[in-house]
Amino acid sequence: MRAALYIKKGWIDIVKTIMNNFGYFMKEARTIIKINFMSNILSIVSIGLILFFAAATLSSWWISNQVVEIIEDEAEINVYFAEDIDKKKVEHIINNIETLAGVEEVRLVDENEAYHRMEEILGKEAKVLQYLDDNPFSPYIEVQIDLKSMESVIEGLKNIEGIDQIRDNKEIFDKVRNLSSVLKTLGYIFIVAVGASTLIIISHIIRTGIYENREQINTLILLGAPDGFISFPFIIEGMILTLGGGLLASIILSLTLRYAYSVMTGPLPFIPLPDQKSMVTNLVSMIMLLSAVLGLLGSLFGLRSAKSR
Amino acid sequence: MIEAEGVCLNYPDGTMALRNVDLHIEPGEMIYITGPSGSGKTSLLKLFIGIEFPTDGKLTVLGQPIIRGQASKIRQMRRSIGPVFQDFRLVNGRTAIENVMLGARFLDMSNKKLKENAVIALKKVGLEKKMFSMVEHLSWGQCQRVAIARAIVRKPRLIIADEPTGNLDKDNAINIMELFASLKEENTTVVITTHATHLINNLREGRLIHIESGIIHQERLD
């Protein structure tokens, strides 16, 4: 009980010291940054670029992952039949398809619906369809399936009489899924690399700052200042550097994404991109949080290694 | 306040700085330590602050044994001491008042109260007009007075001052000695090393400790 009260009092004292001296700590951090101004600016730029590359890789993974999810949700096979067969035969094919394991829904898409769907996909570019005299699209059977059963369904369809052509998006899906998995791995590698390099940069800067201010630190030690009081300006310095880098990365990333979206939504309208605004908000929040955590950890590592030295 | 029993201090190069020092200093006492250069005055003060450790004997300052391996407890003890270093140890790039405030920032004192106390301390050492001057623009004597103000702003139980009047003119030196003597009213113990024996003779209060070749001789002034 007594020990708990002492710990509680210790924390209250620390908070009180921080509150009483916040202005002093900020001023000290500014002075420490000024002493090595150029190296601090270069650190902000390098941290910013490192964070930007990590965030760019993560955003690519994010986009490809979204594409995979959409393809997974809309896993389907289009089945084409000879145009001269009668309605009864088409119904017979549909009934046969429905009996296959893994098939969730089967429906006939006539030539008009096929035309309208292409209009929707093309969006602004749909005006090219007006130059065609006749509707060039053929009717087909749309088969919604469970993605895991794609191969067995395709095998089953090959055995049904009257089917001319089977078109599936398995190949594209596999490619996107592979790309997404590569980007995901790259993203994780980048995060680890970003973490390690930022920690190294920050702890080095903090150690240099401590060395430059060793006289003042020794005086504070002789006056009886606690370690926390001496360390706090250096922790603020580390946080300012990483948050500065994070801010820089966020600005570059926002501009890059704006450009990338304008490029991708033009010629590739059928790629289902995530909402740009929410993507930027999420990435910026992630970068700033990561910067703050790395700044804190880097400063603590720097202080620890300087103390042990 | 300070208890020393057979304290010896030998430096690694073989120099015997202090030999068999026995001392008992009470709260509120005024102690003047004199002796020629290299006699061991500064070494004794370094022991009191916990910068050096006795190589033999027992030393306790403010109830804290001065032994190795108790760094954090010794640092805590230092918060009750107002040290005035021979080389002042002021922080460049800061004003006089900022340096004075630095001495007590980590003590339980609000920023407003600390500022008020710092102004009072600077007035006591006659530097109120220089409080916003950068310390690197002050003379040696002024820097010494800033260091003294930094020591007294902490309202310490013990003041340890190494040659606090060494760079001061006669009037300022008398003022500082009187300031230290007045701290007796607050039951503050003051330990001063000095060459200025003429100033001590005027004060007629406290105890004189003379060190020669690391051996101490004591006499009462009052």
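Some observations on this one:
- Tally, over the stretch B:82-107, of residues that are more than 7 Å from every other protein chain (Cβ to nearest Cβ) and out of contact with any Asp or Glu (no Cβ under 7 Å at 6 or more places or on another chain): 15
- Search result, residues across the stretch A:110-161 that are at pLDDT 80 or above and of a type in the set (F, W, Y): A:Y115, A:F137, A:Y140
For every residue, the table says whether it meets (1) within 14 Å of chain A (Cβ to nearest Cβ); (2) touching a residue at least 60 places away in the same chain (Cβ under 8 Å); (3) on the phi > 0 side of the Ramachandran plot.
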{"residue": "B:Y11", "(1), (2), (3)": "no, no, no"}
{"residue": "B:M16", "(1), (2), (3)": "no, yes, no"}
{"residue": "B:R19", "(1), (2), (3)": "no, yes, no"}
{"residue": "B:I25", "(1), (2), (3)": "no, yes, no"}
{"residue": "B:I31", "(1), (2), (3)": "no, yes, no"}
{"residue": "B:S37", "(1), (2), (3)": "no, no, no"}
{"residue": "B:G40", "(1), (2), (3)": "no, yes, yes"}
{"residue": "B:L44", "(1), (2), (3)": "no, yes, no"}
{"residue": "B:F53", "(1), (2), (3)": "no, no, no"}
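- From the list A:K277, A:K307, the one residue that fits, being within 14 Å of chain B (Cβ to nearest Cβ) and either open to solvent by 10 Å² or more (accessible area, probe 1.4 Å) or at pLDDT 85 or above (or both), is A:K307.
- Helices (runs of 4 or more DSSP H) fully within the stretch A:20-129 counting 1 or more residues that are hydroxyl-bearing (S, T, Y) and more than 30 Å from A:P233 (Cα to Cα): A:37-73, A:111-122
- In the stretch A:198-213, the residues that are under 13 Å from A:L294 (Cα atoms) and surrounded by fewer than 16 Cβ atoms within 10 Å (Cβ to Cβ): A:I200
- Restricting the stretch A:162-176 to residues that are in contact (Cβ under 8 Å) with a residue 60 or more places away in the chain and charged (D, E, K, R), the residue that is surrounded by the most Cβ atoms within 10 Å (Cβ to Cβ) is A:D168.
- Test: residue in the stretch A:41-49 that is surrounded by fewer than 14 Cβ atoms within 10 Å (Cβ to Cβ) and over 30 Å from A:R258 (Cα atoms): no
- Any helices (runs of 4 or more DSSP H) falling wholly within the stretch B:1-110 and containing at least 2 residues that are over 17 Å from the mean Cα position of the chain (by Cα) and modelled with pLDDT of 90 or more: B:96-102
- Test set (1) within 12 Å of another protein chain (Cβ to nearest Cβ); (2) crowded, with 18+ Cβ neighbours inside 10 Å - B:K115 fails condition number: (2)
- Here the condition is being closer than 15 Å to B:L179 by Cα and in contact with a strand residue (DSSP E or B) (Cβ under 8 Å, 6 or more places away or on another chain); of B:I159, B:I74, B:I81, B:I120, it holds for B:I159 alone.
- Any hit, the stretch A:110-132, residues being in contact with a Gly (Cβ under 6 Å, 6 or more places away or on another chain) and within 25 Å of A:E69 (Cβ to Cβ): no
- Test: residue in the stretch B:149-157 that is more than 22 Å from B:M77 (Cα to Cα) and not in a strand (DSSP E or B): no
- Residue under evaluation B:F132, criteria (1) away from every other protein chain (no Cβ under 13 Å); (2) within 22 Å of A:G228 (Cα to Cα); (3) of a type in the set (F, W, Y), criterion not met: (2)
- Applying the set (1) open to solvent by 60 Å² or more (accessible area, probe 1.4 Å); (2) among the β-branched types (V, I, T); (3) more than 20 Å from A:S59 (Cα to Cα) to A:I189 leaves exactly one unmet item: (3).
- Qualifying positions in the stretch B:132-141 - assigned to a helix (DSSP H, G or I), in contact (Cβ under 8 Å) with a residue 40 or more places away in the chain and open to solvent by 10 Å² or more (accessible area, probe 1.4 Å): B:E136
- Answer residue from the stretch A:219-243, given it is facing chain B (nearest Cβ under 8 Å) and either out of contact with any Gly (no Cβ under 9 Å at 6 or more places or on another chain) or assigned to a helix (DSSP H, G or I) (or both) and is farthest from A:L290 (Cα to Cα) among those: A:L222
- Flag for B:K129 being surrounded by fewer than 17 Cβ atoms within 10 Å (Cβ to Cβ) and without any contact (Cβ under 8 Å) to a residue 24 or more places away in the chain: yes
- Hey, B:R75 surrounded by fewer than 23 Cβ atoms within 10 Å (Cβ to Cβ) and within 12 Å of chain A (Cβ to nearest Cβ) or not: yes
The values are calculated or read from the model by the stated rules, or taken from the named source; none is laboratory data. Just so we're clear, the structure is a prediction, and the values are computed from it rather than from any experiment. FYI the Cβ positions are ideal-geometry reconstructions off the backbone, even for glycines, and counts take in every protein chain you see. To get the accessible areas, we keep the full protein, side chains included, count just its heavy atoms, and leave off ligands, DNA and RNA. Shrake-Rupley method; radii C 1.70, N 1.55, O 1.52, S 1.80 Å.
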